[in-house]
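Trainee: Just passing along the structure, written as structure tokens.
The values are calculated or read from the model by the stated rules, or taken from the named source; none is laboratory data. This is a predicted model, so every value here is computed, not measured. When we count neighbours, we look across all protein chains shown, and the Cβ atoms used for this are built from the backbone with ideal geometry, even at glycine.
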Amino acid sequence: MKNPKLIFLALMTFACSALGMTYAVQEWKSGIIWPEPEVIDPGDATTPPSDAIVLFDGTNLDAWQGGERWEIKDGYAIAQGGGIVTKDSFGDIQLHLEWASPEKVTGEGQGRGNSGVYLMGQYELQILDSYENETYFDGQAGAIYKQTPPMVNACRPPGEWQTYDILWTAPRFNEDGSLKSPAAITVLQNGVVIQNNFELQGGTFWHRPPTYTKHAETGPISLQFHGNPVRFRNIWVRDMKPIVGEKPDEKPEQSTGE
């Protein structure tokens, strides 16, 4: 069925043209004065954007506390001896990392290729070999641990490299410690959206329900060692800072004095 509104507009246009009438539509402008967006090099599949903070480029783990415990080999880091924590703290971020579970499969469920990415030290995005590996759904790869499963299982076979691209919005708290706005996360695994702006219910704990406790506006990124030699490479992070424009105050019309 044709759109009546479009038919009406077409008839009005024809009528105005037939009568020799002219009309104009004024362009709407917000009035906001925007600063020019910074020009960056977006990088490619092997190089990070030019404004990224590189956390691991295959050569050293100097950006991490505890990094000396992990083995670096052939451009990747192997989890062992405990987790690692970034020396810097972050708020709203874009985080990219690549990981691979062991090619030789041992164990099952949570004992197979287990690790995790912790945002601000307490909100976990699960890493697990979830290729033909049964476990509880809110604990498989791509889950926000014990809060929600991924929308789909996008895992590649054991030993193959997987990518996580994470958009993280930190929680905000009021002065009295109450929650102002929850944390939110979007995740792409291997280019597929598996979490879409999911709002977290609080910290991710294995032994109690999620709750929020007021903390600093920024926090570290952690990579978990859960007893499995999960490998990592190409880790970088970008601060997400929205552009802020200014809208000039409306000035009153000046009298001409006449």
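Trainee: When both residues are 6+ apart or on different chains and their Cβ atoms are under 8 Å apart, which pairs have a first residue that lies in the stretch 45-68 and is in a loop (DSSP other than H, G, I, E, B), and a second that is among the aromatic types (Phe, Trp, Tyr) and surrounded by 14 or more Cβ atoms within 10 Å (Cβ to Cβ)?
Mentor: Cβ pairs passing all conditions: Pro48/Trp236; Pro49/Trp236; Ala52/Trp236; Gly58/Tyr76; Leu61/Trp70; Ala63/Phe56.
Trainee: Given the conditions (1) modelled with pLDDT under 95; (2) over 19 Å from Val237 (Cα atoms); (3) out of contact with any Leu (no Cβ under 7 Å at 6 or more places or on another chain), which single one is not true for Leu179?
Mentor: (1)
Trainee: Is it the case that the stretch 195-214 has a residue that's assigned to a strand (DSSP E or B), under 21 Å from Gly58 (Cα atoms) and modelled with pLDDT of 95 or more?
Mentor: Looking through the stretch 195-214, none of the residues is assigned to a strand (DSSP E or B), under 21 Å from Gly58 (Cα atoms) and modelled with pLDDT of 95 or more.
Trainee: Given the condition in contact with a strand residue (DSSP E or B) (Cβ under 9 Å, 6 or more places away or on another chain), farther than 29 Å from Gln201 by Cα, surrounded by fewer than 19 Cβ atoms within 10 Å (Cβ to Cβ) and touching a residue at least 40 places away in the same chain (Cβ under 8 Å), answer yes or no: does some residue in the stretch 89-101 qualify?
Mentor: no
Trainee: Among the residues of the stretch 162-171, are any without any contact (Cβ under 8 Å) to a residue 40 or more places away in the chain, assigned to a strand (DSSP E or B) and of a type outside the set (S, T, N, Q)?
Mentor: Within the stretch 162-171, none of the residues are without any contact (Cβ under 8 Å) to a residue 40 or more places away in the chain, assigned to a strand (DSSP E or B) and of a type outside the set (S, T, N, Q).
Trainee: Within the stretch 71-88, restricting attention to residues that are touching a residue at least 40 places away in the same chain (Cβ under 8 Å) and within 18 Å of Trp236 (Cβ to Cβ), which residue is surrounded by the most Cβ atoms within 10 Å (Cβ to Cβ)?
Mentor: Checked the stretch 71-88; the qualifying residue surrounded by the most Cβ atoms within 10 Å (Cβ to Cβ) is Ile84.
Trainee: Right, next: Quick check on the stretch 174-183. Is at least one of its residues assigned to a loop (DSSP other than H, G, I, E, B) and among the charged types (D, E, K, R)?
Mentor: yes
Trainee: Given the conditions (1) closer than 21 Å to Glu134 by Cα; (2) at pLDDT below 95; (3) of a type in the set (Lys, Arg), report the number of the one that Lys241 does not fulfil.
Mentor: Lys241 satisfies all of (1) closer than 21 Å to Glu134 by Cα; (2) at pLDDT below 95; (3) of a type in the set (Lys, Arg) except (1).
Trainee: Here's something else I'd like to know. Going through the stretch 120-135 one residue at a time, which ones are under 17 Å from Gly82 (Cα atoms), not β-branched (Val, Ile, Thr) and not in a loop (DSSP other than H, G, I, E, B)?
Mentor: Glu124, Gln126
Trainee: Further, regarding this structure: Considering (1) at pLDDT 95 or above; (2) acidic (Asp, Glu); (3) more than 22 Å from Trp70 (Cβ to Cβ), say which one Glu124 fails and leave the rest.
Mentor: Every condition holds for Glu124 apart from (3).
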